[in-house]
1. Note down the nm distance, to one decimal, between modelled labels 7 Å out along Cα→Cβ at residue 210 and at residue 174.
2. Take every DSSP beta bridge with both residues inside the chain and express the antiparallel ones as a percent of the total, to the nearest 5.
3. To the nearest 0.05, how large is the calculated FRET efficiency for residue 116 and residue 245 if R₀ is 25 Å and r is the Cβ-Cβ distance?
4. State, to one decimal in nm², a quarter of the convex hull surface area for the C-alpha atoms of the stretch 62-145, i.e. the direction-averaged projected area.
5. Where Lys and Arg each count +1 and Asp and Glu each count -1, what net charge lies around residue 49 among other residues with Cβ under 12 Å from its Cβ?
6. Given a 1.4 Å probe, how much area per residue of the chain is accessible, in Å²?
7. Here is the link list: 18/147; 143/232; 18/143; 53/94; 32/134; 147/258. Which ones come out longer than 30 Å on Cα distance?
8. Suppose only helical runs count, i.e. DSSP H with n ≥ 4. What mean residue ellipticity at 222 nm does that imply for the chain under -39500 (n - 2.57) per run, divided by all residues and rounded to the nearest 500 deg cm²/dmol?
Amino acid sequence: MPAVRPKKQLGQHFLNDKNVASRIVESLVASKSDFVIEIGPGMGVLTGELLAKYGDKLFAAEVDSESVEYLKRNLPNLTPNLIEGDFLALNLSKKLNGNLAIIGNFPYNISSQIFFKVLENRQMVDEVVCMIQKEVAQRISEKPGTKTYGILSVLLQAFYDINYLFTVNEGVFTPPPKVKSAVIRLERNNTQHLDCNEQLFVKVVKAGFNQRRKTLRNSIRSAFPNVELSPKFSDKRPERLSVEDFVELTNEVERLSK
């Protein structure tokens, strides 16, 4: 059977190393999950092992029609649970009524959007194991006080424990990407709700990092013109703040905005 042509517009880089595929699949625990969903199975290098491990608990979302046909031919057991369409447009709670584990070799160009969708559905999504661009993986798993710590670091770490698992070199893909990749694991923590206005929390985090070279006094004022921060926060830069600090900052912004 002919292989699927990688499409640049879809950010497709097909993994061709079975050892790496096995390490990724083994990294998924999914002990609490009713379903496992693979994002962008492509030519099924992960999918075959996932099917053997999870059977009809496995679903897959694929936007590329050529990949869909390839998967139907080569992995017919997946066909009843193969979702033809864009994962980002999927209503997860309507399609899969239960707890989810998500796995996949995420297209670089939409990985951040996938993580925001995970956050929107965090009450369902127990776990994520994914391969993404190394730089993004480092940013997400980074701790406060580093240059790469940013918006996604804070928002994801508020609700997930994140582990950087291993680095993946360019040569195990077709076509090879221009950057290294990495596999990370997100596991849902015990935080159901933050001790602040959660919508405002997102705005405050984004405001802080949108001008990350400035102190919080200036970056927060750009988004909340009437807010004069207390000395505790005013001279700090956003990368110095933990999730708990941002919760406290959000409460301060809300109080001072009234």
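1. My value for the distance between the label points is 4.4 nm.
2. 50 percent
3. The value I calculate is 0.70.
4. 6.6 nm²
5. In short, +1.
6. Roughly 49 Å² per residue, with all protein chains present.
7. 18/147; 18/143; 147/258
8. Computed ellipticity for the chain at 222 nm equals -10500 deg cm²/dmol.
The values are calculated or read from the model by the stated rules, or taken from the named source; none is laboratory data. Everything numeric here is computed off the predicted structure, so don't read it as measured data. Reconstructed Cβ throughout: ideal geometry from the backbone, glycine too, with neighbour counts over all protein chains shown. Ligands, DNA and RNA are stripped out before the accessible areas are found, and what is left, the full protein with its side chains, is counted by its heavy atoms. Shrake-Rupley method; radii C 1.70, N 1.55, O 1.52, S 1.80 Å.
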